[in-house]
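Working notes, structure below.
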Amino acid sequence: MNGRKPPPSALRNFLASESAGGMLLIFAAILAMIVANSALGDAYHHAIHAVTGPVLTDKLGPMTVHLWINDGLMAVFFLLVGLEIKREFVDGRLASWDRRRLPFIAAAAGMAVPALLYLIFAGSTPGLAQGWAIPAATDIAFAMGILALLGKRAPTSLKLFLVTVAIVDDMGAVAIIALFYTAKINLLALAAAAAILGAMFVMNRRGVKSLPLYLLMFLLLWYAMLLSGVHATIAGVLAAMAIPFERTPGTPDSQTSPLHRLEHALHPWVAFAIVPLFGFANAGVDIGGLTAEQIFAPLPLGIAAGLFFGKQIGIFGSVWLAVKFGIAGKLRGATWLQIYGVAMLCGIGFTMSLFIGGLAFPGNALLIEEAKIGVLMGSLAAALVGFAVLRLAPLHPDHHAVETETNAEIAADGDVDDTSEGREPVRA
């Protein structure tokens with residue numbers, strides 16, 4: 001032994017950075033709203049849409065600050081999402097079907113019910129049906145920021161449940177973007193993207209571990225995807241699948257694993273720079289001239305209803321049913337009221353919902369602004385109610401003992417083996 005402590009686990013870094021980054025995201029969103037509704041509002045919108053680069057594709061036209069953030073920096077965000085997905089599926093809490101069962105059920109219901117509610121409220125209005133996926137997403141950073149405000153009152157099992165549901169949710173969002181929000185396909189560019197991705201997998205198979213080389217290939221893949229018509233951010237998730245990964249079951253993360261190294265390096269940049277910058281650039285809605293008719297128009301009302309009601313019904317209802325019928329175990333050290341509170345927090349759809357809103361109504365500034373209003377209303381209501389429920393909910397009788405055991409597990413091998421109490425019947 002050399003006496004050195006092992007590096008912090010990716011899980012520990014994730015929980016810390018997402019909580020702190022979520023707080024910063026909340027601040028960035030509030031600041032954007034303040035600036036957009038002040039004397040600086042015109043300057044804010046002018047700066048965001050200022051032309052700052054060349055024409056990379058005819059579809060996008062000249063690059064602006066907004067495009068660099070949404071189509072460029074967000075690809076790095078999706079790269080991190082892809083790394084987290086791969087780590088969880090290969091060597092994390094989603095590595096077996098027993099562990100995947102509850103997060104998959106909760107995430108699927110938590111996407112389907114909000115989409116259904118959106119279509120009920122807005123689907124019959126011409127031109128709005130394509131916005132069905134806007135309330136289907138959960139903003140993990142924002143939700144973790146709210147949980148951070150609760151301090152030690154929030155059980156670790158709830159945080160890990162939120163993380164795993166959000167990761168599965170992100171997988172669904174990526175699939176939705178690729179399948180439903182893809183423009184006319186440029187087959188030559190798509191073939192180039194496939195060739196680049198194939199080369200990355202060949203590098204992986206031959207034992208190449210140079211992160212600068214993989215990042216260069218990621219940049220080329222991003223540009224090919226940008227030209228292809230498939231949204232460029234998908235390049236981030238695809239590139240992550242090719243990054244080499246060293247499994248460390250039952251032990252701390254490997255210091256030589258390229259995936260772990262890149263994930264650790266990207267976390268602070270994504271959490272403290274990219275996501276808050278995205279929030280600041282996209283949350284600035286001028287609410288000074290809003291009327292009740294605009295607020296309760298079908299689009300914002302459908303999104304808000306999907307996020308606030310759809311998420312809590314889909315996630316809490318599916319978890320309750322899964323436990324009732326013995327499909328999964330109840331979360332360890334958490335009460336049903338606390339589980340309801342975290343299901344409510346899943347209704348915060350800020351980052352991904354704003355992102356999908358821009359894709360659903362390209363070039364329609366009015367509908368994009370209405371979508372932002374709906375996202376902000378639904379997310380704010382979910383955040384306030386979820387926080388209140390978790391703040392007032394009594395702690396589980398075994399809260400302190402379970403937290404001590406869970407922290408010991410993370411300290412020992414960087415992860416938690418199981419967050420459930422085992423399959424048990426529901427008690428009233």
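The values are calculated or read from the model by the stated rules, or taken from the named source; none is laboratory data. Fair warning: this is a prediction, and the values are worked out from it, not measured in the lab. No Cβ is skipped: glycine too gets one built from the backbone with ideal geometry, and neighbour counts run over all protein chains shown. The area values use the complete protein model at the heavy-atom level, side chains included, leaving out ligands, DNA and RNA. Shrake-Rupley method; radii C 1.70, N 1.55, O 1.52, S 1.80 Å.
Given +1 at the Cβ of Lys and Arg, -1 at the Cβ of Asp and Glu and no other charges, the dipole of the chain around its Cα centre is 640 debye to the nearest 20.
Rolling a 1.4 Å probe over the heavy atoms of the protein chains gives the stretch 316-404 an accessible area of 37 Å² per residue. For S353, what charge total do you get from the other residues with a beta carbon under 15 Å from its beta carbon, if Lys and Arg give +1 and Asp and Glu give -1? Counting the neighbours of S353, the net charge comes to -3.
Seen from every direction in turn and averaged, the convex hull around the alpha carbons of the chain projects onto 21.7 nm². Once backbone amide H atoms are built at 1.01 Å from N, T64 has T52 as its partners under 5 Å, excluding neighbours fewer than 5 places away on the same chain. These residues, R100, R261, go from largest to smallest accessible area, 1.4 Å probe, as R261, R100. For the stretch 163-290, the Kirkwood estimate of the hydrodynamic radius, built from every pair of different alpha carbons, is 16.7 Å. Carbon-plus-sulfur accessible fraction, the chain (probe radius 1.4 Å, protein heavy atoms only): 69%.
Put simply, the amide H of G349, placed in the peptide plane, has neighbours under 5 Å in D139, S379, leaving out anything fewer than 5 places away on its chain. Here the stretch 38-122 yields Rg over Rh of 1.18, to two decimals, using C-alpha coordinates and the Kirkwood radius.
Across L102, L149, L117, mean-square fluctuation computed from a Gaussian network of the chain (C-alpha pairs under 10 Å connected) peaks at L149.
The helix-only estimate of mean residue ellipticity at 222 nm for the chain, built from DSSP H runs of length n ≥ 4 each weighted as -39500 (n - 2.57), is -20500 deg cm²/dmol after division by the residue total.
Of the listed residues M225, M241, the order by accessible area with a 1.4 Å probe, largest first, is M241, M225.
For L266, the solvent-accessible surface with a 1.4 Å probe is about 30 Å², rounded to the nearest 10. Largest accessible area first, the residues Y340, Y118 order themselves as Y340, Y118 under a 1.4 Å probe with ligands, DNA and RNA left out.
Given a Förster distance of 25 angstrom, what is the FRET efficiency for L40 paired with N364, based on the Cβ-Cβ distance and rounded to 0.05? Once rounded, the FRET efficiency stands at 0.50. Membrane-span-like helices in the chain, defined purely by DSSP H runs whose alpha carbon atoms cover 20 Å or more axially and whose average Kyte-Doolittle hydropathy reaches -1.0, are 10-36, 74-91, 97-122, 156-180, 187-205, 211-228, 365-392, 399-413. The heavy atoms of D42 present about 130 square angstrom of accessible area, all protein chains included, probe 1.4 Å.
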